[in-house]
Amino acid sequence: MDYFSLFDVPQQFDVDTTLLSARYQALQQLTHPDKFATASESEKRIAMQKNAQVNDAFRVLKDPILRAEHLLALRGVNVAHDQQSMKDTAFLMQQMEWRESLEDASATSDVDAMYALDDELQQHAQQLMSQLSAQLNAGTEERLQTAEGLIAKLKFMHKLRHQIDEQIDRLEEDY
Amino acid sequence: MAFLQIAEPGQSEAPHERKLAVGIDLGTTNSLVATVRSGRAETLGDADNQHLMPSVVHFNSEQVLVGQPAQLRASEAPEHTLSSIKRLMGRSLEDIKQRYPHLAYQFCQDSQQVPAVITPQGKVNAIQVSSHILQALRERAEQSLGDELTGAVVTVPAYFDDAQRQATKDAARLAGLNLLRLLNEPTAAAIAYGLDSQEEGVIAVYDLGGGTFDISVLKLTKGVFEVLATGGDSALGGDDFDHAVTQWILAECSHEGKLTAKQRQYLNQLAKNVKQQLTESDSVDFELNLDGVEITSLTLTRAVFETITKELVAKTLRATRRALKDAGVTKQDVQNVVMVGGSTRMPVIREQVAQFFGKPPLTSIDPDKVVAVGAAIQADILVGNKPDGDMLLLDVLPLSLGLETMGGLVEKVIPRNTTIPVARAQEFTTFKDGQTAMMIHVLQGERELVEDCRSLARFNLTDIPPMVAGAAHIRVTFQVDADGLLSVTAMEKSTGIEARIEVKPSYGLSDGEVTQMLQSSVKNAKQDMRARMLKEQQVEALRVKEAIQAALDESGASLLSEEESAAIQAAIEQMMDIAQGEDPQQIEQAIARVDAISQAFAQRRMDASIKQALQGQTVDDI
């Protein structure tokens, strides 16, 4: 299922988020089961299936990492799971450093250090994101492979940021 | 050749006739029914113009009483007067005994999973008790509106899990209601305020009831209400404020040691009264007349009340902060704060919430009635009274859905706060060579361990073709509909063998059990039951005919070949012929045939409408 064509937006990494939201609103009006409350069972069933697709498509298209993965899948590249594709030793080192920083901050309940680490990760992710955009927009076979590696890194960072977030939540909850 | 359509005498419907639809707030303490009349949503009263109906049902050997009359019997027959039954919906006997050890009712295991209370009218379960309340409200509405209802929207707390929602749906069916939708209470409250003002932006719904706290964050864009996040605390409510007052009283009179049940009840009532009086006045003088303790005069000021309940209010605000974070918005983004639940009348709550958000909350609609009013507005739309409206509610899954994996861990398949309807698939493979069956355990909740989550269902996938370990690919698809109810399908990919599994909650009723309860609730069971089923199927056949006919008129010519169109028409005619007969099962089958034959047409209509609308939009954009 090509989510770009379902939303009738160009099949590319950079998306116009305003257009995306407008399409989402329009598709909801057309497919939400509540619009079929008095329709026949077959129309209700199809509306529910289509609406579930619309919801999933919006979730994927509005999230840069999921969107990039979807784009790669449409071009025949499946992103390998976990660390398999992570051969970049410099990044592996960096990864370990970040983990250690989080462990240190966690051991001392240092919320400020956690916020600082989160900022650092966010900046780094932003850089990778613009690289990803360039690779995907170029679109050659080789570039797509590079894109795959970038996605794996971004996914790792996303996960780590989520862990930081949870720890911050937990610490702030104690107040 | 086109034929003019002529309706059966007595069955015709004036084209603009309004259909009767109601919204029902099925509450823990009180329930309400509301409807839209002359463009205004309003709650309906009983003969004495009482709008709140106590959610109490009394059973004696002669009759079943509901509401006020039932409540009057509570002290004389507490074990047969059931109140706060909503807390027992979708719960197992074990669960109930653990959570509410002090209940006066005599429980027994009814069906395989659903616990029941023994009464002079026999065994009754929570679903049946709720259906008595719904039925009383339905009768009130039909009396007040002068005709049968076309449909109803029933509200549920946002945090209700699959089992609790399914139980509510079954109760509506038992009460003879055509349930249009289960609607989340906070969403209903937002609608009640949102439509009048036609505002855009982020709305927070702060719902503090007797026993629960619920916070929801919604976004309103061009009539579309989108729930961004829900959260709360299912063990925090007005009762905790009463408890705080009780503790203060005991400290003031230096009472220590155990209280008798009677003393506890007296104190509870006293505390509640004092709390309510503090809503109107700055300080309350009262006398404590506790058995075994000297009569003492006490004064509780609002300032002291605020101090002793500070931690409770802070707890609600922490949950609010978390929900805002989940929604990805800040408190400055929130344009309106809606207050729901009797406990939000407390000035301390209003002040603290106002301070937290930096703006006064909306309180113009009675916080006890706001949910029913919103549900009525939604019911009016769903039943088709506002065909051109663009109001739409996008709800979310309140609790994550997952599967048990190795080692008693839960793997999340659909995270909470995902917009529903949603369908998501997960692939599994076999563990041993030649394995032909697999057990799947579906859970709901946020915790990592199986034992900490709610078990929704276990089912076996059988007939997996024998292969070497890891070769079979079983794709399990979870689908959650707009009511938040789950169904599961599974398919072995290499062979395409499909097994459909309706997920009946671990505590729910089977379809057969619901039918049986329907039968036992009707006198002269068999015949009346058959008559009721026949009428239901006839109404359904007519509804299907009208729906498909309207679709054919609109786009049959452009989307169907002549043969296809004729085949659908023929199936409809056959269905209507059978509907003249007396056999509900045959009608049901004929409806299913019409449904099957019109499936492709429905698909084409959907695709065409999307194509047309998006093209139209592109032109607009340019």
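The values are calculated or read from the model by the stated rules, or taken from the named source; none is laboratory data. Quantities reported herein were computed from a predicted structural model and do not represent experimental measurements. With ideal geometry, Cβ positions are generated from the backbone for all residues, glycine too; neighbour counts draw on all protein chains shown.
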Selection count where residues are away from chain A (no Cβ under 14 Å), part of a strand (DSSP E or B) and either farther than 27 Å from residue B:482 by Cα or among the hydroxyl-bearing types (Ser, Thr, Tyr) (or both), scope segment B:408-427: 1
Qualifying positions in segment B:360-379 - more than 11 Å from every other protein chain (Cβ to nearest Cβ) and assigned to a helix (DSSP H, G or I): B:370, B:371, B:372, B:373, B:374, B:375, B:376, B:377
Boolean, residue A:23 is at pLDDT below 90 and either among the basic types (Lys, Arg) or in contact with an Asp or Glu (Cβ under 7 Å, 6 or more places away or on another chain) (or both): no
Selection count where residues are in contact with a Gly (Cβ under 9 Å, 6 or more places away or on another chain) and aliphatic (A, V, I, L, M), scope segment B:46-89: 4
Unique match (being crowded, with 20+ Cβ neighbours inside 10 Å and at pLDDT below 95) among B:420, B:365: B:420
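Would you be able to say whether some residue in segment A:76-89 is under 30 Å from residue B:397 (Cβ atoms), among the hydrophobic types (A, V, I, L, M, F, W, C) and surrounded by fewer than 17 Cβ atoms within 10 Å (Cβ to Cβ)?
Yes: segment A:76-89 contains one or more residues that are under 30 Å from residue B:397 (Cβ atoms), among the hydrophobic types (A, V, I, L, M, F, W, C) and surrounded by fewer than 17 Cβ atoms within 10 Å (Cβ to Cβ).
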Count of residues meeting criterion [in a loop (DSSP other than H, G, I, E, B) and either out of contact with any Lys or Arg (no Cβ under 9 Å at 6 or more places or on another chain) or farther than 18 Å from residue B:310 by Cβ (or both)] in segment B:338-359: 3
Filter result (assigned to a strand (DSSP E or B) and more than 14 Å from chain A (Cβ to nearest Cβ)) within segment B:383-400: none
Test: residue B:434 is in contact with a Pro (Cβ under 6 Å, 6 or more places away or on another chain) and either surrounded by fewer than 18 Cβ atoms within 10 Å (Cβ to Cβ) or more than 14 Å from chain A (Cβ to nearest Cβ) (or both): yes
Residue satisfying all of: in segment B:369-407; of a type in the set (D, E, K, R) and touching a Lys or Arg at 6+ places or on another chain (Cβ under 9 Å); surrounded by the most Cβ atoms within 10 Å (Cβ to Cβ) among these: B:380
Residue among B:63, B:109, B:68 that is under 22 Å from residue B:161 (Cα atoms), of a type outside the set (Phe, Trp, Tyr) and surrounded by fewer than 23 Cβ atoms within 10 Å (Cβ to Cβ): B:109
Every residue from segment A:60-102 that is within 17 Å of the chain's Cα centre (by Cα), under 22 Å from residue A:138 (Cβ atoms) and either at pLDDT below 85 or β-branched (Val, Ile, Thr) (or both): A:60, A:65, A:77, A:78, A:79, A:80
Yes/no for residue B:447 being away from chain A (no Cβ under 13 Å), free of Cβ contacts under 8 Å to residues at least 40 places away in the same chain and within 30 Å of residue B:228 (Cα to Cα): yes
Evaluation of residue B:146 against (1) closer than 12 Å to residue B:89 by Cβ; (2) at pLDDT 90 or above; (3) not hydrophobic (A, V, I, L, M, F, W, C) (one fails), failing number: (1)
Test: residue in segment B:199-208 that is assigned to a strand (DSSP E or B) and modelled with pLDDT under 85: no
Selection status of residue B:375, among the hydrophobic types (A, V, I, L, M, F, W, C) and touching a Leu at 6+ places or on another chain (Cβ under 6 Å): yes
The listed residue being over 30 Å from residue B:36 (Cα atoms), among the β-branched types (Val, Ile, Thr) and modelled with pLDDT under 90, out of B:260, B:230, B:221: B:260
Test for residue B:403: is it outside any loop (DSSP other than H, G, I, E, B), in contact with a Leu (Cβ under 9 Å, 6 or more places away or on another chain), within 14 Å of chain A (Cβ to nearest Cβ) and closer than 30 Å to residue B:479 by Cα: no
Total residues in segment B:338-352, condition more than 25 Å from the chain's Cα centre (by Cα) and of a type in the set (D, E, K, R): 2
Failed item, numbered, when residue B:291 is tested on (1) free of Cβ contacts under 8 Å to residues at least 24 places away in the same chain; (2) charged (D, E, K, R); (3) not in a helix (DSSP H, G or I): (1)
Strands (runs of 3 or more DSSP E) wholly inside segment B:58-163 that include at least 1 residues being of a type in the set (Val, Ile, Thr) and within 30 Å of residue A:39 (Cβ to Cβ): B:151-156
Residues of segment B:300-337 classified as of a type in the set (A, V, I, L, M), within 27 Å of the chain's Cα centre (by Cα) and not in a helix (DSSP H, G or I), total: 3
Output for segment B:366-385, where each listed residue is among the acidic types (Asp, Glu) and either touching a helix residue (DSSP H, G or I) at 6+ places or on another chain (Cβ under 6 Å) or touching a residue at least 24 places away in the same chain (Cβ under 8 Å) (or both): B:368, B:380
Verdict on residue A:36 being crowded, with 17+ Cβ neighbours inside 10 Å, out of contact with any Asp or Glu (no Cβ under 7 Å at 6 or more places or on another chain) and of a type outside the set (Val, Ile, Thr): no
Some residue of segment B:161-174 being among the hydrophobic types (A, V, I, L, M, F, W, C), away from every other protein chain (no Cβ under 14 Å) and farther than 30 Å from residue B:316 by Cβ: yes
Any hit, segment B:459-478, residues being crowded, with 20+ Cβ neighbours inside 10 Å, within 24 Å of the chain's Cα centre (by Cα) and within 14 Å of chain A (Cβ to nearest Cβ): yes
Considering residues of segment B:238-285 that are out of contact with any strand residue (DSSP E or B) (no Cβ under 7 Å at 6 or more places or on another chain) and not in a helix (DSSP H, G or I) only, the residue nearest to residue B:348 (Cα to Cα): B:281
